[in-house]
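Here's the structure, in structure tokens; my notes come after.
Only the coordinates and a few stated rules stand behind these numbers; no lab work does. On a predicted model such as this, the values are computed, not experimentally measured, just so you know. Positions of Cβ are generated from backbone atoms using ideal geometry, with glycine treated the same way; all protein chains shown enter the neighbour counts.
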Amino acid sequence: MDKKNTILGVVFIAAGIGFMFWQSQQIEQQRIEQLQQAETLGAPAGQSTTPADAVISAVEGGRPSQADEPAVAVADLFVAAQDAEAGASEAPMREEKTVHLANDFIEAVFTTRGGAIKTVDFLQTKRGERDDYVFNQDGFLPALSLSYQSGDGAMREFALDYSIAEQTSDSITFVLDNGEGMVIRRSYRIAPSGSDAEPYMIEHSTVFENQSAVAINPRTIYFNLGTARPISEGKQSANYLNVGHFNGKDADFVPITKLTGSPGFLFGIGANQPSDQLEIEDRIEWASVKNQFFASVLSSADTLGDDLFIYPVAAADREDGQPGRPGISGSVGYEVGSLAAGEARSMDFQFFIGPKEFKRLQALGNQQDLVMQFGKFFGFFSKLLLSFMYAIHSVVPSWGWSIVIMTICIKLLFWPLTAKASKSQKRMAKIQGPMAEMKEKYKDNPQKIQQETLKLFKEHQVNPVAGCLPMLIQMPIFLGLFYMLRTASELRHEPFLWVNDLSLPDTQFEIGGFPINILPMIMGVTMFLQMSMMPVSPTADPMQQKIFKFLPFIFLIFLYNFASGLVVYWTVQNILTIVQQKIINSRPDEELKPAVATATSAARTKGKGSAPKAKAKRK
């Protein structure tokens, strides 16, 4: 029984950590494949100033051609764009103009190319400084630029050349008149500095006005979500770089490996071939493009999308000639509907572009905090622990010390359970001698060995699974922390002791290209000391004992390149366990209470030699 539970415990631990280890091992291979595929997939870098007939991506099995649709006096919304396809060279676009709007947190650059967002800089995310990461830098299209699906099935950018109509310190309005009776007004507003509004939110409105004398039946309009690229050139999981949407019930995220191709897991499970683009037809309440620490989220209170195109973006060229970082982008389709003569229709959106901070995303409503991708099962623990860490950080303004204090609180919470388990393990050491004698005595009778083992456990009040229980109970917390810390931008650039960034490994230097991370080594030493203090189960066979001896080494390998914040938690947890074990070992052994007979045995003993009495019934 002890052997089975021990093996079960090890399997649970290996399964949980093995999945994370597999993710970390896939990082470099996926990164190399992305760079190889980037030359042939997606649009060229810097294509935000392409001519009006720029093909966004080919549609495989897309919507039917609309060439047979009934013609009207003004054919549709896209006459100007279609005319531009034939005569773009004869009517060159005007010079691009850009407008900068900024508050204390972001600086957004708007362009007349599409009347949209060219780039967004973050002014506070690098410990109060301008961040190295720029959203939509070398983007495929300006964010929120308009596109349409042409009759040949290709996605095309619509009417790039807008004019600036109005401008204030915190707002900008672009206007496009296609000369055929359709006028498009595109307005943007950011939160002013010092206001209580969400500083990373850009309020946007696109108004379609039919100034012609006949009705217009527009096609579906696609709003681009911008381009996200990896934060740095270092090793990062491709799963961080994805496009997602929320349909009112569930959130689904498509990683870039679905486009660049993936070798899959064991025996090719989950493998897929490269693709130019993916199309998802679903109810879309909000859609996002994100990397490990930043996200753009497009939502609307009164407009629902019904179509989402996802496509890779080629790596931007670097000055040193090395391949850059490939990106991912997406466009959400919204049905404009028919516009009668003189009618106007407004489509209003909220466009969040900022760091993936849980409390900030949660405040946006409509479950936009699902962008954090904490997971369905462990999401509860991730949110609970992050909220707890926020509470600690409000008093102790250091995320590193907040993790330490949170670990101490968790340890105190489970102290009674782990103390009871440690006492049981301590008593287990006393029965190793009798166990060895009993095994020798009944070596030819396995059934007798099992019976005598259970009897010995009962007499000495030993729980054979006590050593595994504390570790199994900690696994949901550990995995919840893993999912929380891997994308929590709060820890980005946060120092702690000698650690420069709690969201990254604490690499001090490299030897022959191998990173030397001090914190995981300390974690491995503390875990080895912890395991050496634990009595070995008398029922454990030599193989089990070897597994337990190698656990610290296995954990060291698994956690070596994980975020420092996670290793801080595990190291402090080990140190507290060592302190607890030393306290228990220093105390005198408790006197065992005599085993209480079972109710069945007591009833059987009481019933021996006596018969039920029956009273004679007199007539």
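For the range 322-382, a/c is not less than 1.5, where a ≥ b ≥ c are the root eigenvalues of the C-alpha gyration tensor, and a/b does not top b/c. That puts it in the oblate class. Residue pairs exceeding 32 angstrom between C-alpha atoms, taken from Lys97/Lys290; Lys439/Lys549; Lys383/Lys458: Lys383/Lys458. Taking 7 Å steps out from each Cα toward its Cβ at Ala391 and Glu343 produces label points 5.3 nm apart. For the range 334-399, applying the loop criterion from DSSP together with a ceiling of 16 other beta carbons within 10 Å to the GluC sites (Glu not before Pro) yields Glu343.
May I ask for the distance between the Cα centers of the range 158-235 and the range 504-530, given as a whole number of Å? Cα centroid to Cα centroid, the span is 49 Å. By the count of neighbouring beta-carbon atoms within 10 Å, fewest first, Phe514, Phe122, Phe478 end up ordered Phe514, Phe478, Phe122.
Which loop-located trypsin sites (Lys or Arg not before Pro) does the range 115-224 contain, where loop means any DSSP state but H, G, I, E or B and the Cβ has at most 15 other Cβ atoms within 10 Å? Qualifying residues, ordered by number: Arg127, Arg130. Give the shape of the range 162-210 as rounded, prolate or oblate, defined through the alpha-carbon gyration tensor: a ≥ b ≥ c are the square roots of its eigenvalues, a/c under 1.5 means rounded, and otherwise the shape is prolate if a/b is larger than b/c and oblate if not. Prolate, since a/c reaches 1.5 and a/b exceeds b/c.
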